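Below is one structure, written out as structure tokens; the observations come after it.
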Amino acid sequence: MYDVIIIGAGVSGAAVARELSRYRLKVCVLEKEEDVCCGTSKANSALIHSGYDAAPGSLMAKLNVAGNTMMEELSLELDFPYKRIGSLMVCTSNEDLPQLQTLYSRGIQNGVKGLSVITRKEEIREMEPNLADDVVAVLHAASAGIVCPFGLNIAMAENAAANGVEFFFDTKVERIFSNKKEQRGFQIKTSKGILETRCIVNAAGVYADVFHNMVSNRKIHITARAGEYCLLDKSAGEHVNHTIFALPTKWGKGVLVSPTIHGNLLVGPTAVDIEDKEDTATTREGLTELIEKAGMSVRKLPIRQVITSFTGLRAHEDNHDFLIGELSDAPGFVDCAGIESPGLTASPAIGLMVADIIREKLQPQVNPDFNGKRKGILNPNTLSKEERAALIAAKPAYGNVICRCETVTEGEIIDAIRRPLGAKSLDGVKRRVRAGMGRCQAGFCSPRVMEILSRELGIDMKKVTKNGAGSELLIGTNKDRL
Ligand SMILES: Cc1cc2nc3c(=O)[nH]c(=O)nc-3n(C[C@H](O)[C@H](O)[C@H](O)COP(=O)(O)OP(=O)(O)OC[C@H]3O[C@@H](n4cnc5c(N)ncnc54)[C@H](O)[C@@H]3O)c2cc1C
């Protein structure tokens, strides 16, 4: 019998798991995919929003600002990449100025610090030389930042695991039943058998409505809202210094242009409601739309530098707010649903809020062994020449560059595989150390990463996958076919 079972190992589930590991509780996370960070948490704008966008009084507004405030300290504690670069909301018409002012006032109401409206053209140009020529004002949010979404998700999950939370991957939750035998708690039927628990945290992203509706009579509905992106090469990464948002106008909602934490340039997203909650395809129309729109706020966008495109799915709940709380008609079942943007930003605050609900309910003792610190994967590029030479002398694998585009060494890949909740696939390695994230998009390094995975995991090359069962990359050897 578990005290708490969390469904989903995205940022929400991982944040809750880490917060719960502060207590003496038997907790596990069930994830249908082969790794953490395989849902929406891996495909988004990777921004730490300041918090002026959400409606005052909403849970989104409150947890956005709280999460933003917590992010810097968390990044130091858990050693993941984060930088506060500020954002500019761009207004290109005097007609739309009142709207910019409304966002400013909303931000103040939400408690956002460091907000200002700037109208002096020289000042704007100095801050951001590549903004469109017709910019008349910007809303500057100094507290906005950028983060590695994989880094944040993986760091919280690793730290939860180090503090005793169990993770079960490739384990799909299929049904939830009230535990009649025990007169309390739940039985969860998974693809790997039945588990029992006193409480459930429903952090299943776009599928959170399915589990909510299995146990509650008050139904909710989540729509998958697709957002497509283009990612540009690092050579375009300095085209802007801030995250640039376009003010929504009568012509529609704008798209953002932002540096990423690893030095690329990101353009997107679109917003299209779709039926299929697994459909992360990109479309010609979507990509054309976002390139056109981005050009309205940023000039000379080096769009020929696109190296890849991708789609993320927002878990849009009909009332457009986070739904977090224990269900009154299903005691012990705690929703963490409707976590669309700014869910990444809010995740540390979401973790705290859900853990508080569980703490009040189960009254657990504090875990005296909890250690909130975690060391990330050593990146030799952050060392001095002398330090790097010493590292390579001690561990030659750090002198063997596997991914040329991102200069990722064998030593880093081995660390990514061997650490707690380590990588088991090419994408797992990619999310942890960026091998395959660069200009050639894994064209050169895939076979070599596969060899390392095969060797480290003790599996045949034919069993190495891109992202879990069914995505094996090799079908046999030439000799087998003779
Ligand atoms: C286009 C776009 C842009 C965004 N930009 C930003 C941004 O810049 N800043 C920001 O703060 N937020 C942003 N967000 C929002 C943010 O990405 C999400 O709020 C956040 O990632 C949600 O995390 P989650 O853990 O709730 O969901 P997910 O990451 O989707 O995790 C849910 C997990 O549950 C698992 N699961 C589902 N069903 C089952 C089952 N039956 N059994 C077991 N496991 C299951 C899934 O596999 C998945 O891993 C953006 C989102 C999108 C789509």
- Calculate the length of the line joining the C-alpha centroid of the stretch 24-102 to that of the stretch 128-174, in whole Å. 7
- Task: Please give the peptides 132-139, 278-285 ranked by average Cβ packing (other Cβ atoms within 10 Å per residue), highest first, as a rough proxy for protection.
- Result: 132-139, 278-285
- Amide H within-cut-off set for Ile6, under 5 Å, with H built and near neighbours excluded: Cys28, Val29, Leu30, Val201
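Over the chain, calculate the relative contact order: mean separation of alpha carbon pairs under 8 Å at least 6 apart, over the residue count, as a percent.
Numbers: 1069 pairs, mean separation 93.7, N = 482.
Contact order relative to length: 19 percent.
If each residue of separation counts as 0.36 nm, what is the full-extension length gain between Cys440 and Arg404 once their alpha-carbon separation is subtracted? Intermediate results must be reported in sequence, preceding the final value.
Details: separation 36, 0.36 × 36 = 12.96 nm, distance 0.90 nm.
Additional length available on full extension: 12.1 nm.
Packing-wise, with mean Cβ within 10 Å as the measure, how do 430-440, 233-243 rank, highest first? Mind dumping the intermediate values first?
Details: 430-440: 23.5, 233-243: 18.9.
Per-residue Cβ counts within 10 Å, averaged per peptide and sorted highest first, yield 430-440, 233-243.
Determine the shape class of the stretch 246-388: with a ≥ b ≥ c the square roots of the Cα gyration tensor eigenvalues, call it rounded for a/c under 1.5, and otherwise prolate if a/b is greater than b/c, oblate otherwise.
Details: a/c = 2.81, a/b = 1.29, b/c = 2.18.
Taking the square roots of the gyration eigenvalues as a ≥ b ≥ c, the stretch 246-388 is oblate.
Within the stretch 152-221, list the GluC sites (Glu not before Pro) lying in a DSSP loop whose Cβ has at most 16 other Cβ atoms in a 10 Å radius. Could you put the intermediate results ahead of the total?
Values: sites: Glu158, Glu166, Glu174, Glu182, Glu196; in loops: Glu182.
Within the stretch 152-221, the qualifying GluC sites (Glu not before Pro) (loop, at most 16 other Cβ atoms within 10 Å) are Glu182.
At 0.36 nm per residue, and after removing the present C-alpha to C-alpha distance, how many nm does the segment from Thr102 to Asp321 gain when stretched out fully? Show your work: numbers first, answer last.
Details: separation 219, 0.36 × 219 = 78.84 nm, distance 1.98 nm.
Taking 0.36 nm per residue and subtracting the Cα distance, the gain is 76.9 nm.
Could you please report the charge total around Val240, scoring K, R as +1 and D, E as -1 over all other residues with beta-carbon less than 12 angstrom from its beta-carbon?
On the way: positive: Arg299, Lys300; negative: Glu128, Glu238.
Here the count lands on 0.
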- Anything over 22 Å Cα to Cα? Flag those among Lys32/Lys466; Lys189/Lys361; Lys26/Lys361; Lys192/Lys424, in the order listed. Lys189/Lys361
- Query: What residue among Ala281, Ile358, Ser191 has its Cα farthest toward the positive end of the dipole of the chain, where the charges are +1 on Lys, Arg and -1 on Asp, Glu, each on the Cβ?
  - Reply: Ser191
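What dipole magnitude, in Debye to the nearest 20, does the chain give about its Cα centre under +1 on Lys/Arg Cβ and -1 on Asp/Glu Cβ? Don't jump to the answer; show the numbers that get you there.
On the way: 59 positive and 59 negative charges, 202 e Å.
Taking the Cα centre of the chain as origin, the dipole is about 960 debye.
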- Cross-link partners among lysines for Lys300, C-alpha distance below 26 Å, same-chain residues fewer than 8 apart left out? Lys83, Lys121, Lys234, Lys250, Lys253
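Under unit Cβ charges (Lys, Arg +1; Asp, Glu -1), what dipole magnitude, rounded to 20 debye, does the stretch 380-463 have relative to its Cα centre?
Values: 16 positive and 10 negative charges, 46 e Å.
My answer is approximately 220 debye.
Each value in this text was obtained by applying a stated rule to the coordinates, not by laboratory testing. Predicted model, so just to flag it, every value in this text is computed and none were measured. Note that we place each Cβ from the backbone using ideal geometry, even for glycine, and neighbour counts take in every protein chain shown.
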